[in-house]
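Trainee: Structure incoming, see below.
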Amino acid sequence: MIEIKVPELAESITEGTIAQWLKEVGEYVNQGDFIAELETDKVNLEITAEHSGVIKELKKEPGDTVEVGEVIAVIDAEGSEGDSSAEPEAKEETKSEPEQPKQEAKQDETPDSEGGRPLASPAARKLAREKGINLNEVSTNDPTGRVRKQDVENYQPKSEAKSAPTPKKADTPAATTSDDGKPAERIKMSRRRQTIAKRLVEAQQTAAMLTTFNEVDMTAVMDVRKRRKDAFLEKNGVKLGFMSFFSKAVIGALKEFPLLNAEIQGDEILMKKYYDIGIAVSTDNGLVVPVVRDADKLSFAGIEKEIGNLGKKARDNKLALGDLQGGSFTITNGGTFGSLMSTPILNAPQVGILGMHKIQWRPVAIDQENFENRPMMYIALSYDHRIVDGKEAVGFLVRVKELLEDPESLLLEG
């Protein structure tokens with residue numbers, strides 16, 4: 001028998017959560033096949049089978065916390081697909097289901113099963129067999145529809161449910177009501193959401209965080225994009241977005257105000273001589289900040305391509321740990337969701353983060369007598385006052401504003 005263990009993850013990650021099993025007990029796997037998805041503080045990773053064989057045992061349930069090096073499954077390398085000695089229970093189960101009478105099978109089928117084998121954990125299947133429970137009749141609160149062991153334990157036959165004096169809603173677990181008894185729903189926070197919450201609180205508690213604001217007239221940038229977007233797309237195969245302009249402006253300002261590209265380590269300041277810019281990306285699983293490496297060495301097209309690739313990987317849950325580690329400064333864009341102004345929270349241990357917002361047409365005074373409608377954007381810089389003084393923070397933000405309002409200068413300054 002060969003043990004499948006949680007592999008080494010990263011220097012700062014020692015544990016994870018089983019998000020889902022991709023294979024079942026009794027199923028044959030080839031070397032290199034994905035058998036489980038592991039959720040860590042930063043990304044979801046797939047655990048692979050290092051040997052071919054039949055899965056003999058799954059030692060953990062989805063939602064269980066596991067540590068690096070812990071055994072989570074066992075593979076029988078001598079087993080083969082269809083080998084009855086590899087997993088007797090699995091074979092017994094697969095044989096018994098087709099032998100049910102047609103009439104009974106039709107009654108047991110539900111829309112969730114689509115006439116096939118219901119999605120369930122190995123422990124749930126085993127307990128259901130022992131109790132003689134049809135898994136198609138067991139309801140679950142799991143968002144994936146997977147029946148778990150506790151669902152089988154809490155299963156109530158339809159006949160008993162009908163004879164109950166109270167409606168089915170009365171059987172709702174206490175967890176679905178608030179403390180004052182009103183309707184509510186309790187949802188367990190994902191590991192990533194817990195980590196995000198913890199780190200955001202830590203950033204506010206450990207840093208002397210302040211925010212300064214300014215506004216940018218986006219007329220020039222929008223004019224360049226309007227004139228160049230078609231040729232840019234044809235030449236580079238990627239659209240000319242706002243993020244490349246902001247990345248270049250940030251890099252130009254960081255070169256003039258290097259303390260915003262630093263971090264505190266004990267009683268020392270680490271001055272970074274590189275520009276790895278983190279771009280905050282919102283996903284269904286929470287906010288992640290993949291890093292554009294050496295952004296100062298990339299062209300506008302290079303930045304747009306890298307941001308596009310990282311964004312797609314984030315949405316497809318394919319980011320690697322290396323995509324998220326490091327970073328010297330972060331840009332976040334609340335404007336994509338309609339935010340007019342906000343106070344971004346530092347991405348520790350970084351000491352600066354720039355917040356972009358919605359472009360809003362507003363009347364702007366050109367001189368003492370004339371007004372024009374201009375596309376304006378509020379920008380915000382949150383910074384760690386422990387090493388960055390207000391003068392430097394304001395100067396940095398003003399420089400970003402100047403570079404954006406004169407985008408041709410980005411070719412020289414960025």
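What follows draws every value from the coordinates through simple rules; no lab data is involved. Quantities reported herein were computed from a predicted structural model and do not represent experimental measurements. Positions of Cβ are backbone-derived with ideal geometry, glycine not excepted, and every protein chain shown enters the neighbour counts.
Trainee: Provide the convex hull volume over Cα atoms per residue for the stretch 243-341, in Å³.
Mentor: On the way: hull volume 12.3 nm³, N = 99.
Per-residue hull volume (Cα only) is 124 Å³.
Trainee: Net charge within 10 Å of Gly241 by Cβ-Cβ distance, Lys/Arg positive one each and Asp/Glu negative one each, not counting Gly241 itself? Show your work: numbers first, answer last.
Mentor: Numbers: positive: Arg225, Lys229, Lys239; negative: Glu304.
Net charge around Gly241: +2.
Trainee: So if the hydrodynamic radius of the stretch 2-76 is defined as the Kirkwood radius over C-alpha pairs, what does Stokes-Einstein give as its diffusion coefficient at 10 °C and 1.306 mPa s, in µm² per second?
Mentor: Using the Kirkwood radius from Cα pairs, D works out to 131 µm²/s.
Trainee: What are the residues whose amide H is under 5 Å from the amide H of Val138, where those residues sit 5 or more places off or on another chain and H is modelled from the backbone?
Mentor: none
Trainee: Oh, and also: Gap in Å between the Cα centre of the stretch 258-302 and the Cα centre of the stretch 339-400?
Mentor: Computed from Cα coordinates, the inter-centre distance equals 18 Å.
Trainee: Report the normalised scattering of the stretch 192-413 as log10 I(q)/I(0) at q = 0.08 Å⁻¹, calculated by the Debye formula with identical scatterers on the alpha carbons.
Mentor: -0.28
Trainee: Could you give the dipole magnitude of the stretch 2-76 about its Cα centre, charging the beta-carbon of Lys and Arg +1 and that of Asp and Glu -1, in debye to the nearest 20? Let's see the in-between values first.
Mentor: Numbers: 6 positive and 18 negative charges, 29 e Å.
Result for the stretch 2-76 is approximately 140 debye, rounded to the nearest 20.
Trainee: Okay, next question. Over all pairs of distinct alpha carbons, what does the Kirkwood formula give as the hydrodynamic radius of the stretch 174-272, in Å?
Mentor: Working: mean 1/r = 0.0525 Å⁻¹.
Result for the stretch 174-272, one decimal place: 19.0 Å.
Trainee: While we're here: How big is the dipole moment of the stretch 192-413 about its Cα centre under a simple scheme where the beta carbon of each Lys and Arg is +1, that of each Asp and Glu is -1, and everything else is neutral? Debye, nearest 20, please.
Mentor: On the way: 29 positive and 29 negative charges, 195 e Å.
Here the stretch 192-413 has a charge dipole of around 940 debye.
Trainee: Output the pairs from Lys226/Lys401; Lys226/Lys272; Lys126/Lys198; Lys272/Lys305; Lys313/Lys358 with a Cα-Cα distance over 28 Å in this structure; if there are none, say none.
Mentor: Values: Lys226/Lys401 20 Å; Lys226/Lys272 35 Å; Lys126/Lys198 38 Å; Lys272/Lys305 24 Å; Lys313/Lys358 25 Å.
Where the Cα-Cα span goes over 28 Å, the pairs concerned are Lys226/Lys272; Lys126/Lys198.
Trainee: Count of lysine pairs in the stretch 2-76 with Cα atoms under 14 Å apart, counting only pairs 8 or more residues apart in sequence or on different chains? Could you put the intermediate results ahead of the total?
Mentor: Numbers: Lys5/Lys59; Lys5/Lys60; Lys23/Lys56; Lys23/Lys59; Lys23/Lys60.
Pairs that pass both the separation and distance tests number 5.
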